[in-house]
Amino acid sequence: MVDKIKNYIAEVEKFTASTQEEVENFRIKFLGQKGILKEFFAEFKNVPNESKKEFGQTINELKTAAQDKVNELREALESKLEENGVYGDLTRPGEPVEIGSRHPISIVKNQIIEIFSNIGFNVSEGPEMEDDWHNFTALNLPEYHPARDMQDTFFIQTDPEEILLRTHTSSVQVRYMEDNQPPIRTISPGRVFRNEAISARSHCIFHQVEGLYIDKGVSFADLKQTLLYFTKQLFGKSKIRLRPSYFPFTEPSAEVDIYWGLETETDYRITKGTGWLEIMGCGMVDPNVLKNCNIDPNEYSGFAFGMGIERIAMLLYQISDIRMFYENDVRFLNQFKSVL
Ligand code: DAH
């Protein structure tokens with residue numbers, strides 16, 4: 001009898017199954033209500049006393065072996081099923097992965113950051129909601145200045161103090177100078193807001209990059225050299241001219257034109273037939289601005305500049321309507337896939 005049980009144990013150990021049904025039949029055969037184990041247990045009372053111990057132990061062995069086998073096979077089959085569920089048919093052809101693209105504004109912004117970081121400029125940021133001090137007063141904008149006009153500025157609150165959406169990233173200059181002592185070399189990209197009618201050329205929300213360099217003995221020649229380097233890097237062209245201009249926060253001030261050329265129809269259109277194109281404003285930081293930010297103008301001097309990212313992106317990619325940047329039409333965005 002014990003030998004018979006041992007044969008069953010061997011059978012149990014050898015058993016394998018490829019379906020849950022086979023496992024279930026196996027379970028019924030050994031562990032079911034009318035199964036082999038039930039029969040042996042019923043036999044127990046007929047076994048002579050001296051053999052009871054060995055008999056009992058062997059049946060228990062068979063029982064454990066059968067139960068372990070059932071559990072082990074069930075688990076194996078279940079995990080196989082799960083794998084199929086997760087991975088499906090591993091030989092099927094792959095599904096195409098859609099490659100995304102950066103927004104052209106981000107592409108140009110990152111290029112500008114890279115160009116300036118190569119000559120030691122860091123990146124700084126400030127809030128889009130500003131107070132009057134950082135957006136206007138500290139920047140030497142007198143109270144009657146037209147830029148403060150309600151028509152240009154989105155005011156959020158006027159009482160007790162004026163809170164507004166910044167109209168330029170020059171506000172970050174002020175914040176940076178308040179928090180850091182020279183030498184300062186920083187650029188500040190960001191979003192700015194102006195209460196302007198939306199058209200193909202202008203929008204009420206756009207992006208700027210501000211630049212600021214403050215140290216001992218910084219001169220206009222340093223500014224010019226930095227601009228030459230920048231335009232060469234970004235546009236591959238370094239013929240520029242500095243046209244005298246006015247900004248309250250710089251003295252002297254200039255607007256930078258780049259010689260774009262007159263080689264194609266489009267060149268004529270974008271440069272209005274002159275070949276020259278304005279790309280940014282700049283100048284030597286006004287001593288009043290330095291004073292407002294607790295930097296001694298007798299010890300330090302510096303230059304600043306500011307440019308619109310949309311304008312530059314429109315030039316580089318020959319985009320004719322500024323509104324395309326904000327519509328997020330996939331047909332437009334798809335065209336920038338190959339650019340990092
Ligand atoms: N803030 C000016 C604007 O929004 C741009 C600008 C001009 C920034 C001259 C400067 C600067 O830092 O020096 O039109």
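How about the range 252-340: which helices (runs of 4 or more DSSP H) wholly inside it have at least 2 residues that are touching a residue at least 24 places away in the same chain (Cβ under 8 Å) and under 19 Å from residue 238 (Cβ atoms)?
The helices (runs of 4 or more DSSP H) meeting that bar are 309-317.
Does the range 30-44 include one or more residues that are more than 16 Å from residue 68 (Cβ to Cβ), out of contact with any Leu (no Cβ under 9 Å at 6 or more places or on another chain) and open to solvent by less than 60 Å² (accessible area, probe 1.4 Å)?
yes
When residue 299 is evaluated against the numbered criteria (1) within 26 Å of residue 192 (Cβ to Cβ); (2) surrounded by fewer than 20 Cβ atoms within 10 Å (Cβ to Cβ), which criterion, by number, is the only one it fails?
(1)
Filter the range 166-191 down to the residues that are within 13 Å of the ligand (Cβ to nearest atom) and without any contact (Cβ under 8 Å) to a residue 40 or more places away in the chain and list them by number.
167
Among what's in the range 244-265 and is open to solvent by less than 40 Å² (accessible area, probe 1.4 Å) and away from the ligand (no atom under 16 Å from the Cβ), pick the residue that is modelled with the highest pLDDT.
260
If you check residue 185 against the conditions, is it in the same structural domain as residue 271 (by TED's automatic domain parsing), within 21 Å of residue 113 (Cβ to Cβ), of a type in the set (Lys, Arg) and open to solvent by 70 Å² or more (accessible area, probe 1.4 Å)?
Against the criterion (in the same structural domain as residue 271 (by TED's automatic domain parsing), within 21 Å of residue 113 (Cβ to Cβ), of a type in the set (Lys, Arg) and open to solvent by 70 Å² or more (accessible area, probe 1.4 Å)), residue 185 qualifies.
Within the range 214-248, which residues are free of Cβ contacts under 8 Å to residues at least 24 places away in the same chain, out of contact with any helix residue (DSSP H, G or I) (no Cβ under 7 Å at 6 or more places or on another chain) and not in a strand (DSSP E or B)?
Hits for the range 214-248 are 221, 224, 225, 228, 232, 236, 239.
So, in the range 218-241, how many residues would count as being touching a Ser or Thr at 6+ places or on another chain (Cβ under 7 Å), within 30 Å of residue 298 (Cα to Cα) and either of a type in the set (S, T, N, Q) or away from the ligand (no atom under 15 Å from the Cβ) (or both)?
Qualifying residue count, the range 218-241: 1.
The values are calculated or read from the model by the stated rules, or taken from the named source; none is laboratory data. Please read all numbers here as calculations on a predicted model, not as lab measurements. With ideal geometry, Cβ positions are generated from the backbone for all residues, glycine too; neighbour counts draw on all protein chains shown. Areas reflect the complete protein model, heavy atoms only, side chains present, ligands, DNA and RNA absent. Shrake-Rupley method; radii C 1.70, N 1.55, O 1.52, S 1.80 Å.
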